[in-house]
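Q: Let me give you the structure first, and then I'll get to my questions.
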Amino acid sequence: MAVMESTDWTLTCGKDPSTQVLVFLDFQSLAILPPTHELRVLPCEVAAIAYSLREGIIKKFHSFIDPGPIPLGFRYLCKSTSEFTHQLPLDGPPEGIGDPGLVANDLLDFIRKSTRKPYVVFCAECEKQKVDYCLQWLSEKTVFPCIASLSLQPLLVKYYTQAGAPSPTLYSATQLLSLSTWDFHSKSRCNFHSDIDVKHCALGTVNRLAYCLSNCLAPIHNITLTSSHIPPIPEASVEQCVL
Ligand SMILES: [Zn+2]
């Protein structure tokens, strides 16, 4: 697939952008391995949501993944990465881990039913390289069509422009998508990460993208926020981000 920017993608949609269904995707990896290693990631958790500005979060996909054997010499890196981030045991959480081929098929099915060709998923700019490596890893487990991952920041800017509102810079867009308000909200994460109260959860990451997007865009698109957009929280605790 030719390189495509998220703003190009919205131009091809040809419909009200607020009704366009977007898929947000994120992974947790046991570690990010050095460039010299043929394996760059060891995916252990994946989550995706289908979202539209009009409807909020429409449906969710979440699974733990069997990352396979840890390459020789990298067990300590995996253990320390886990301790400082997602805290998933190296042999998987008690809930069990999914066969990579089955998870890849289920994820693909979710993406196919949520969006249309060309298959595009969105993630935060800072997660894009990891998401790309994980998609490449999954594509080797099943027959996987080309799925492009795009940064959400340019799309956020585009949504401002389409509403006739002053556009944030890409830096401001990153801030708008990084509010910590919902990092530890009880409904944002999977059961495992909610129970141990850790924010490094793939499901938590994609949910927070949806909450942040809804928080800044709903007012300028005249959309009434519902519990599908943002989980109910005391109004006073919502962070305000000044552009
Ligand atoms: Zn989780």
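Q: Quick one: is Ile111 aliphatic (A, V, I, L, M) and within 16 Å of the ligand (Cβ to nearest atom)? Explain how you work it out, then say what you get.
A: Values: aliphatic (A, V, I, L, M): yes; within 16 Å of the ligand (Cβ to nearest atom): no.
No, not satisfied.
Q: It is to be established whether one or more residues within segment 112-132 are farther than 23 Å from Cys212 by Cβ, aromatic (Phe, Trp, Tyr) and surrounded by 13 or more Cβ atoms within 10 Å (Cβ to Cβ).
A: Yes, that holds for at least one residue.
Q: So how many residues does segment 154-168 have that are out of contact with any strand residue (DSSP E or B) (no Cβ under 9 Å at 6 or more places or on another chain) and touching a residue at least 60 places away in the same chain (Cβ under 8 Å)? Walk me through how you get there before you give the answer.
A: Within segment 154-168, the first condition is being out of contact with any strand residue (DSSP E or B) (no Cβ under 9 Å at 6 or more places or on another chain), and the residues that meet it are 154, 156-168.
When the remaining residues are screened for being touching a residue at least 60 places away in the same chain (Cβ under 8 Å), the result is 154, 156-160, 162, 166, 168.
So the answer is 9.
Q: I'm trying to understand the selection: among the residues of segment 58-90, which are within 16 Å of the ligand (Cβ to nearest atom) and either aliphatic (A, V, I, L, M) or out of contact with any strand residue (DSSP E or B) (no Cβ under 6 Å at 6 or more places or on another chain) (or both)?
A: Initial filter on segment 58-90 (within 16 Å of the ligand (Cβ to nearest atom)): 60-67, 81-90.
Within segment 58-90, Ile65, Asp66, Ser82, Glu83, Phe84, Thr85, Gln87, Leu88, Pro89, Leu90 meet the criteria.
Q: For segment 42-52, does any single residue satisfy the condition of being surrounded by fewer than 23 Cβ atoms within 10 Å (Cβ to Cβ), in a loop (DSSP other than H, G, I, E, B) and in contact (Cβ under 8 Å) with a residue 24 or more places away in the chain? If you could, list the steps in order and put the result at the bottom.
A: As a first pass, look at segment 42-52 and keep what is surrounded by fewer than 23 Cβ atoms within 10 Å (Cβ to Cβ): 50, 52.
Next cut, in a loop (DSSP other than H, G, I, E, B) only: none.
The answer is no; no qualifying residue exists.
Q: For the structure I just gave you, tell me whether Ser29 is modelled with pLDDT of 90 or more, of a type in the set (Ser, Thr, Tyr) and touching a strand residue (DSSP E or B) at 6+ places or on another chain (Cβ under 6 Å). Can you show your working first?
A: Details: modelled with pLDDT of 90 or more: yes; of a type in the set (Ser, Thr, Tyr): yes; touching a strand residue (DSSP E or B) at 6+ places or on another chain (Cβ under 6 Å): yes.
The answer is yes for Ser29.
This table checks each residue for (1) away from the ligand (no atom under 16 Å from the Cβ); (2) surrounded by fewer than 17 Cβ atoms within 10 Å (Cβ to Cβ); (3) part of a helix (DSSP H, G or I).
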site: Gln153; (1), (2), (3): yes, no, yes
site: Tyr171; (1), (2), (3): yes, yes, yes
site: Lys199; (1), (2), (3): no, no, no
site: Ile223; (1), (2), (3): yes, no, no
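Q: Return only the number of the condition from (1) part of a loop (DSSP other than H, G, I, E, B); (2) more than 16 Å from the chain's Cα centre (by Cα); (3) within 16 Å of the ligand (Cβ to nearest atom) that Pro219 does not satisfy.
A: (3)
Q: Which numbered condition trips up Ser194, out of (1) in a helix (DSSP H, G or I); (2) within 19 Å of Leu156 (Cα to Cα)?
A: Here Ser194 meets the rest and fails (2).
Q: Then there's this: Would you mind stating whether Ala148 is closer than 15 Å to Ala47 by Cβ and either in contact (Cβ under 8 Å) with a residue 40 or more places away in the chain or more than 16 Å from the ligand (Cβ to nearest atom) (or both)? Please lay out each step first, then the result.
A: Values: closer than 15 Å to Ala47 by Cβ: no; either in contact (Cβ under 8 Å) with a residue 40 or more places away in the chain or more than 16 Å from the ligand (Cβ to nearest atom) (or both): yes.
For Ala148, the condition - closer than 15 Å to Ala47 by Cβ and either in contact (Cβ under 8 Å) with a residue 40 or more places away in the chain or more than 16 Å from the ligand (Cβ to nearest atom) (or both) - is not met.
Q: For segment 128-161, enumerate the residues that are under 18 Å from Ala202 (Cβ atoms), aliphatic (A, V, I, L, M) and in contact with a helix residue (DSSP H, G or I) (Cβ under 7 Å, 6 or more places away or on another chain).
A: Within segment 128-161, Leu138, Ile147, Leu150, Leu152 meet the criteria.
Q: Shifting gears a bit: Anything in segment 173-191 that is more than 13 Å from the ligand (Cβ to nearest atom), assigned to a helix (DSSP H, G or I) and in contact (Cβ under 8 Å) with a residue 40 or more places away in the chain? List them, or say none.
A: Passing the criteria: Thr174, Gln175, Leu176.
Q: Residue by residue through segment 65-89, note down the ones that are charged (D, E, K, R) and surrounded by 16 or more Cβ atoms within 10 Å (Cβ to Cβ).
A: Here is the first cut: in segment 65-89, the residues charged (D, E, K, R) are 66, 75, 79, 83.
Scanning segment 65-89 gives a single hit, Asp66.
The values are calculated or read from the model by the stated rules, or taken from the named source; none is laboratory data. Values in this document were obtained by computation on a predicted structure and should not be read as measured data. Heads up, the Cβs are rebuilt from the backbone with ideal geometry, glycines too, and the neighbour counts pull from every protein chain shown.
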